Amino acid sequence: SDAGGRGGRGGRTGSKVPLIAAVGVGLVVLGIGAGALLGGGGDDDSKNQPVSATGPASEAPSAEPSAEPSVDPVRQQAVELDKLLAHSGDSRSTVISAVEKVKACKDLQQAAEDLREAAGQRNQLVTDLTALSVDKLPEHAALTDALTKAWQASASADSHYAAWADQTAGKKGCRKGQARSTGETAAATKDSGTATAEKTKAAQLWNAIAKQHSLTERQPTDL
């Protein structure tokens, strides 16, 4: 009976050992699986880690410089010519005053000097015009031709009026307070007529350009 009792107890003890072993194996397996999962997660994390802030930073692409506003070459030439034309009538009042002095036989020497200076100013306008680029302006050839002829004719008229002043200052140049007409007077009058006709052409051509570019329009007498 003792043996049977021991066998029974031994049977119960034997049944517990396999159970404990199985539990131990399961824990080991679970441990390995957890380690594998943790290890795999560590690998993934290392692959997805951002670049260290201490590493070389890539330079941002520099912004392209803003394009400069385009310049209208036609308007640019028109503006430059407008500046020249603004001075074309500077000597007009001086010439008118000088001619009136000659007619009245007054201050003849000063009148002659003023007229010669005016002639020089008109010739300078022609020189300045040749230095300008106007090839992009509408009918630029006709415009420059008219301006050139107008200023050359005005300069010639001024020179003839100056010579008339010299004649008037001479013997018998005046009669009853009035200057005698001479060949210089006739030549000056003819050149003045030519200048007026050419200035009329030039004003028409210029005003068409001035309207288009919002610049100053001018009358023939302004030139």
Extreme residue, farthest from Ser93 (Cα to Cα), among residues of the range 114-155 that are in contact with a helix residue (DSSP H, G or I) (Cβ under 7 Å, 6 or more places away or on another chain) and charged (D, E, K, R) = Lys136
Test set (1) surrounded by 15 or more Cβ atoms within 10 Å (Cβ to Cβ); (2) assigned to a helix (DSSP H, G or I) - Ser88 fails condition number = (2)
Hey, can you tell me all the residues within the range 172-184 that are open to solvent by 20 Å² or more (accessible area, probe 1.4 Å), assigned to a loop (DSSP other than H, G, I, E, B) and touching a residue at least 24 places away in the same chain (Cβ under 8 Å)?
-> Gly177
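Between Ala169, Ala208, Ala150, which is in contact with a Leu (Cβ under 8 Å, 6 or more places away or on another chain), open to solvent by 50 Å² or more (accessible area, probe 1.4 Å) and touching a residue at least 40 places away in the same chain (Cβ under 8 Å)?
Working: Ala208 fails: in contact with a Leu (Cβ under 8 Å, 6 or more places away or on another chain); Ala150 fails: open to solvent by 50 Å² or more (accessible area, probe 1.4 Å).
Criteria check complete, one pass: Ala169.
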Quick one: Glu100 ticks every box in (1) in a helix (DSSP H, G or I); (2) in contact (Cβ under 8 Å) with a residue 60 or more places away in the chain; (3) open to solvent by 30 Å² or more (accessible area, probe 1.4 Å) bar one, so which box is it?
-> (2)
Lys136 being without any contact (Cβ under 8 Å) to a residue 12 or more places away in the chain and out of contact with any Ser or Thr (no Cβ under 9 Å at 6 or more places or on another chain) | no
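Pick from the range 153-165 the residues that are open to solvent by less than 30 Å² (accessible area, probe 1.4 Å) and within 44 Å of the chain's Cα centre (by Cα): which of them is farthest from Ala197 (Cα to Cα)? Please lay out each step first, then the result.
Start the filter on the range 153-165 by keeping residues that are open to solvent by less than 30 Å² (accessible area, probe 1.4 Å), which leaves 153-155, 157-158, 162-165.
From the residues that got through so far, the ones that are within 44 Å of the chain's Cα centre (by Cα) too are 153-155, 157-158.
Details: Ala153: 10, Ser154: 11, Ala155: 15, Ala157: 14, Asp158: 16 Å.
Out of the qualifying residues, it is Asp158.
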Identify the residue in the range 103-133 that is crowded, with 19+ Cβ neighbours inside 10 Å, under 30 Å from Glu80 (Cβ atoms) and of a type in the set (A, V, I, L, M) and, among all such residues, is farthest from the chain's Cα centre (by Cα).
-> Leu115
Please indicate, with yes or no, whether at least one residue in the range 185-195 is open to solvent by 50 Å² or more (accessible area, probe 1.4 Å), farther than 28 Å from Leu84 by Cα, part of a helix (DSSP H, G or I) and not basic (Lys, Arg).
-> yes
Is it fair to say Ser93 is modelled with pLDDT of 95 or more, out of contact with any helix residue (DSSP H, G or I) (no Cβ under 9 Å at 6 or more places or on another chain) and hydroxyl-bearing (Ser, Thr, Tyr)?
-> yes
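The values are calculated or read from the model by the stated rules, or taken from the named source; none is laboratory data. Keep in mind that what you see is a predicted model, and the values were worked out from it rather than measured. Positions of Cβ are generated from backbone atoms using ideal geometry, with glycine treated the same way; all protein chains shown enter the neighbour counts. Protein only, heavy atoms only, side chains kept; ligands, DNA and RNA dropped before computing areas. Shrake-Rupley method; radii C 1.70, N 1.55, O 1.52, S 1.80 Å.
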